[in-house]
Amino acid sequence: MKFAVNKKYAVLAAVNAVMLAASLILTLTASAEAKSHTYNYAAERWDSGGDYAQISCFFSENAGFTVDSVASARMQILNNLKNVSVIPEEGQKLCPDGWSAPLGQASIKGKLSGRSEADITAVGGDYFLIHNFTLIDGAFFSDKDIMQDGIVIDKNLAWALYGSSDISGMTLTVNGSEFYISGVIDTPATDEERECAGDLPRAYISYEGASLFSSGGNFMEEGSSAVPSDFRKVTCYEVIMPDPVKNYAYESMKGYFEGYGKNAQLLQNTGRFGAVKRLKALKNMEKLAVRDNAVIYPYRENASRIAEYKLSYLYLWRVICMIIPAVTAVWIIVRCAKLGKKYIIKGVNSVLDFIEKRKMKKWREKNEKKEA
């Protein structure tokens, strides 16, 4: 038995299949792109229930936010949470936070003949918890360490100095000052991060460690002197805090950081890659392309901003791909509704006819009995 195929419907079905496949590919691509920027998922790692948000604030060189300002920011956070009855239990770390600032380039030398230039960043608090670097060897240092002469380096620097990444516990010198290698981390994972990180290896020390540098260094600006012993500048402050109501964490901190004007930029990392948020951002894409402030963005934030730009257009193309399937679905529903209405009316009429016939039959039987 042969079935006749309507060519018009066959073409429509093929087009819909292609559009749905393209939409699925775009969805998977966007999901992989967003999840690859793990730095923005610190709140989810801290609390998988979705009751926390990750908030970051970036500052300019002259903003005046320092390590000493962290205590004030923490107090503001706890007061805001207290206002909505969110109070930490005894011994509980309610709001992990971290801070950092770039120190610039330095000459690093291993105990052997290895030597390399590297970008150095001073970090404090829960910086490594928030940034979730992939640890290859050793461990991260912390503010609780008795000695603050630890350094975390990436594997490129480890190989340049010792020809191996299994070197935790060994020592190196930064501009003449000795540090022990606390841990070795992997290099940036995404294309955007590699692009923004640059070609130089990277290393991380504590703020107290920054005071160990000898004179004659070359930090912050070409030809400048060594990092001062009282280096306290912070250009990036990050916190994971409860978000009892959607966007409460961001809005509660907005007023505090607005006092820094264009010297600060506050953002919420949590949910920044969501489809709705990225599609809404399309009408203001120039804000991503053009900077109107002097704040310093770490390379991972710059990479995340590039990802935002890409995701906005991936989601836009996904919407475009879904137009034909959506229109087709509406057309099918309308057709089915019309056909359904036709058959419903026919069915109702059949039922009414059946009832009428039954009535007539009973009436005849009744009359026949009377006549008999």
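The values are calculated or read from the model by the stated rules, or taken from the named source; none is laboratory data. None of these values were measured; they are calculated from a predicted model. Virtual Cβ from ideal backbone geometry, glycine too; neighbours counted across all protein chains shown. Each accessible area value is taken on the protein alone, full model and side chains, heavy atoms only, with ligands, DNA and RNA left out. Shrake-Rupley method; radii C 1.70, N 1.55, O 1.52, S 1.80 Å.
Key figures
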quantity: Burial order of peptide ranges 89-98, 50-59 (average beta-carbon count within 10 Å, highest first); calculated: 50-59, 89-98
quantity: Long pairs among Lys155/Lys277; Lys82/Lys155; Lys155/Lys254; Lys82/Lys277; Lys7/Lys277; Lys338/Lys362, criterion Cα-Cα beyond 32 Å; calculated: Lys155/Lys277; Lys82/Lys155; Lys155/Lys254; Lys7/Lys277; Lys338/Lys362
quantity: Among (1) 19.7; (2) 18.5; (3) 35.3, the entry derived from the coordinates for mean projected area of the Cα convex hull in nm²; calculated: (3)
quantity: Highest average packing first - 121-131, 197-207, 163-173, Cβ atoms within 10 Å; calculated: 121-131, 197-207, 163-173
quantity: Choice from Lys283, Lys362, Lys262 showing the highest fluctuation, given a GNM over the chain with Cα pairs closer than 10 Å; calculated: Lys362
quantity: Residue among Val234, Gln265, Val276 farthest towards the positive dipole end of region 228-283, charges placed on Cβ; calculated: Val276
quantity: Spatially proximal aspartates and glutamates relative to Lys357 (Cα-Cα < 15 Å; intrachain offsets below 8 disregarded); calculated: Glu365
quantity: Separation of the Cys336 and Ile320 label points, Cα + 7 Å toward Cβ, nm; calculated: 3.0 nm
quantity: For the chain: accessible area per residue (Å², 1.4 Å); calculated: 57 Å²
quantity: Probe 1.4 Å - accessible area at Glu61, Å² to nearest ten; calculated: 70 Å²
quantity: Charge dipole (debye, nearest 20) of the chain; +1 at Cβ of Lys and Arg, -1 at Cβ of Asp and Glu; calculated: 4540 debye
